[in-house]
1. Going by the conditions given, is V34 closer than 30 Å to P156 by Cβ and open to solvent by less than 80 Å² (accessible area, probe 1.4 Å)?
2. Which ones in segment 58-90 are over 28 Å from A37 (Cβ atoms) and not β-branched (V, I, T)?
3. Restricting attention to segment 32-49, which residues are of a type in the set (D, E, K, R) and either part of a helix (DSSP H, G or I) or in contact with a Leu (Cβ under 7 Å, 6 or more places away or on another chain) (or both)?
4. Looking only at segment 1-31, count every residue that is part of a loop (DSSP other than H, G, I, E, B) and either open to solvent by less than 70 Å² (accessible area, probe 1.4 Å) or β-branched (V, I, T) (or both) and tell me the total.
5. Take A120 and decide whether it is in a helix (DSSP H, G or I), closer than 22 Å to R5 by Cβ and at pLDDT 90 or above.
Amino acid sequence: LRPGRAHRDAALAGLSAEQRPVAERALQGGIRAVREAITAQNAALAKDGKPTIKADGVVAMAQDLLPRLRVAEWLDRAEAAKADLERVDLRDLRAVVAASDDPMIVRDESTRALAAEMRAALGTRQETELQHWYDDIRAATAVGRVARALQLAGEPPKAGLRFPADLAADLAAAARDALRSEEHTSELQSRFGISYAV
């Protein structure tokens with residue numbers, strides 16, 4: 001996923017010269033990064049005998065700016081995902097949907113319609129990918145490519161999926177038959193470290 005920067009740049013462009021560096025630091029690493037930057041800067045100022053910065057005011061500024069910045073950043077990512085829904089990696093799409101539950105984003109009205117659209121798109125993509133996965137395993141099993149079918153079975157499109165009992169039975173039967181066949185035994189042993197005693 002390659003998000004643009006339109007919303008992010010617009011949010012930063014609307015800030016004052018004092019706010020912008022704080023906002024950029026907050027975007028990079030959150031409030032913790034802002035505190036660390038202040039600590040480092042104060043150490044350098046103290047070393048040079050100069051007055052240090054009061055951290056509370058800067059941190060409060062960052063806390064005030066961060067929600068708007070997070071919303072802008074999410075909008076850039078979500079719009080990039082929407083523009084390429086058929087090809088965007090499922091992990092990226094899941095990350096966009098998961099991020100839409102962030103309280104900072106949920107509270108903003110500008111994100112709600114797009115968040116609902118992304119959630120629906122994720123459901124559709126997951127169902128499609130799941131069906132393709134089942135079809136690929138069945139096709140590999142049907143033509144005797146048992147090692148390939150076993151490999152696919154270990155690479156589900158989503159963690160925690162329940163493997164269909166009928167497909168598991170077909171795959172187990174095909175694996176038993178293949179292990180009896182001298183043609184497939186060496187391939188299965190080398191890929192999965194399994195053997196079968198005839």
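1. no
2. Matches in segment 58-90: A78, E79, A80, A81, K82, A83, D84, L85, E86, R87, D89, L90.
3. If the condition is that a residue be of a type in the set (D, E, K, R) and either part of a helix (DSSP H, G or I) or in contact with a Leu (Cβ under 7 Å, 6 or more places away or on another chain) (or both), then R32, R35, E36, K47 are the ones that fit.
4. Residues meeting the conditions: 6.
5. No, not satisfied.
The values are calculated or read from the model by the stated rules, or taken from the named source; none is laboratory data. Note that the structure is a prediction, hence the values are computed from the model and not measured. Neighbour counts are summed over all protein chains in view; Cβ atoms, including those assigned to glycine, are modelled from backbone coordinates with ideal geometry. Quick note on the areas: whole protein, heavy atoms, side chains included, nothing else; ligands and nucleic acids left out. Shrake-Rupley method; radii C 1.70, N 1.55, O 1.52, S 1.80 Å.
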